[in-house]
Amino acid sequence: MTRAEKARLLRDIGADRILVKDGPYGSMIQTYRLDEEGFRGGRSFAQDQKGNNDLLNLTRPDVVGEICNAYIAAGADILATNTFNANAISQSDYGIPEMAREINVAAAKLTRACADAATERDPGRPRFVVGALGPTNKTLSVSPNVNDPGFRAVTFDEVKAIYREQIDGLLDGGVDFILIETVFDTLNAKAALVAAGEAAEARREELPVMVSMTLTDLAGRNLSGQTVEAFWHSVRHAKPLTMGLNCSFGATELHPYVNALNPQVDGLVCVYPNAGLPNELGAYDEPPEMTAKLVRGWAENGWLNVVGGCCGTTPAHIKAIAEAVNGLKPRQWHALPPALRLSGMEAASFF
């Protein structure tokens, strides 16, 4: 089945029920309390690798596979690869930018194997694999030097290139779609979208892409200063398979922005909130039943096509979410009327 056919299948299933995405790897990996040697997995590196969660796809695939299978058992239909920081820019912090491709191929193969095994056990419920692209630790829209507003640590072409390397590795490893997530900088996301388009063109195939924005303040804007609607206008041309929100806040704080997004998106909406807000120690205290109750409210309002969890959520949260939305009708949408839709920090439409 081609990726385009997988996308059609996902849309068909999504017309019948709300799909469930998995939860995060980072906070789950922390529960294993791995030391530096645990991250190295017996391999030799010039720098300390503790905290390099993406490297575990190579050094501790048992840990990554166990987490992936726990999300499958919890009811997840869509499994994201453990590749949030598996790009050359982020891996440079650990001194191994040259390993980005190897990490992505391994992550994709590992997640693909888990998903295919689950589908084989239950052919009536196919699992989908998405290759996760994080925002990197660089920004194209904002200068890191307060004394030089025009300075940028990276160029658009450099960011596009690192995303292209990551995407090619994920595709070679067998992912169905690409997920550009936790987008705090719209220009970074555009670099990823261009890279995805170039990868698709090189392979002469359609490459479905999912996009998920993150808000950086309670005013409902990302780091680029864009509102939810303005961001959507900025990426709508790419015709994402899903558009949505993740990270930054819990379901309570995201509520008004999920509401604002719904009438604007002529496609599937995917939202995966954190388990509330972090406490003073940076941990998340919101229990699964509370997250599930809040998410169910979104589903009852007809706002969801895909739902999952971000920071602090666990397989228990995903299980509770899956049970909470089970049997509820998925969001319906209609084609938007033709208009000139522009975006700066705010959105503007001219009919």
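I need the shape label for region 127-249. Rule: rounded when a/c is under 1.5, else prolate if a/b > b/c, else oblate, with a, b, c from the alpha carbon gyration tensor.
Working: a/c = 2.07, a/b = 1.39, b/c = 1.49.
Here region 127-249 falls in the oblate category.
Could you state the number of Å between the C-alpha centres of region 256-273 and region 152-220?
Measuring centre to centre over Cα atoms gives 20 Å.
Report relative contact order for region 246-332 in percent, whole number only (criteria: Cα-Cα under 8 Å, sequence separation at least 6).
Working: 139 pairs, mean separation 28.8, N = 87.
Taking the mean separation of contacting Cα pairs over the length of region 246-332, I get 33 percent.
So, counting K/R as plus one and D/E as minus one, what does the shell of residues with Cβ under 13 Å around residue 181 add up to?
On the way: positive: 21; negative: 22, 185.
Result for the local shell: -1.
Mind running the shape call on region 86-135? Use the C-alpha gyration tensor, a ≥ b ≥ c as the square roots of the eigenvalues: rounded below 1.5 for a/c, prolate if a/b tops b/c, oblate otherwise. Numbers along the way, then the final one.
Values: a/c = 5.45, a/b = 2.94, b/c = 1.85.
Prolate shape, in that a/c is at least 1.5 and a/b is the bigger ratio.
Under 12 Å from the Cβ of residue 193, count the other residues' Cβ atoms, weight Lys and Arg +1, Asp and Glu -1, and hand me the total. Let's see the in-between values first.
Numbers: positive: 160, 164, 190, 236, 239; negative: 198.
Neighbourhood net charge equals +4.
In region 184-262, what GluC sites (Glu not before Pro) fall in a loop by DSSP, with at most 15 other Cβ atoms inside 10 Å? Could you put the intermediate results ahead of the total?
Details: sites: 198, 201, 205, 206, 229, 253; in loops: 205, 206.
Those satisfying the criteria are 205, 206.
Would you calculate a helix-derived [θ] at 222 nm for the chain, using -39,500 (n - 2.57) for each DSSP H run of n ≥ 4 and dividing by the full residue count, to the nearest 500? Each step should come with its number before you reach the end.
Working: 13 runs with 145 residues, N = 351.
It lands at -12500 deg cm²/dmol.
Which residue fluctuates the most in the chain, going by a Gaussian network model with Cα springs under 10 Å, if the choices are 32, 71, 284?
Looking only at 32, 71, 284, the biggest GNM fluctuation is shown by 32.
Can you compute the FRET efficiency between residue 122 and residue 155 using 1/(1 + (r/R0)^6), with r the Cβ-Cβ distance and R0 = 51 Å? Round to the nearest 0.05.
Details: r = 46 Å, r/R0 = 0.91.
Calculated transfer efficiency: 0.65.
Which value in nm describes the separation of the simple spin-label points at residue 92 and residue 17, placed 7 Å from the Cα toward the beta carbon?
For the pair residue 92/residue 17, the computed spacing is 4.5 nm.
Please give the length that would be gained between residue 32 and residue 350 if that part of the chain were fully extended, namely 0.36 nm times their separation in residues minus their C-alpha to C-alpha distance (nm, one decimal).
Numbers: separation 318, 0.36 × 318 = 114.48 nm, distance 5.28 nm.
Residue separation times 0.36 nm, minus the Cα-Cα distance, leaves 109.2 nm.
First select every other residue whose beta carbon is under 13 angstrom from the beta carbon of residue 6; then total the charges, Lys and Arg +1, Asp and Glu -1.
Values: positive: 3, 8, 11, 112, 127; negative: 5, 12, 77, 116, 176, 205, 206.
Cβ neighbours under 13 Å give a net charge of -2.
Every number here is computed from the coordinates shown, using simple stated rules; none is lab data. Just so you know, these numbers come straight off a predicted model, no measurement behind them. As a convention, Cβ positions derive from the backbone with ideal geometry for all residues, glycine included, and neighbour counts pool all protein chains shown.
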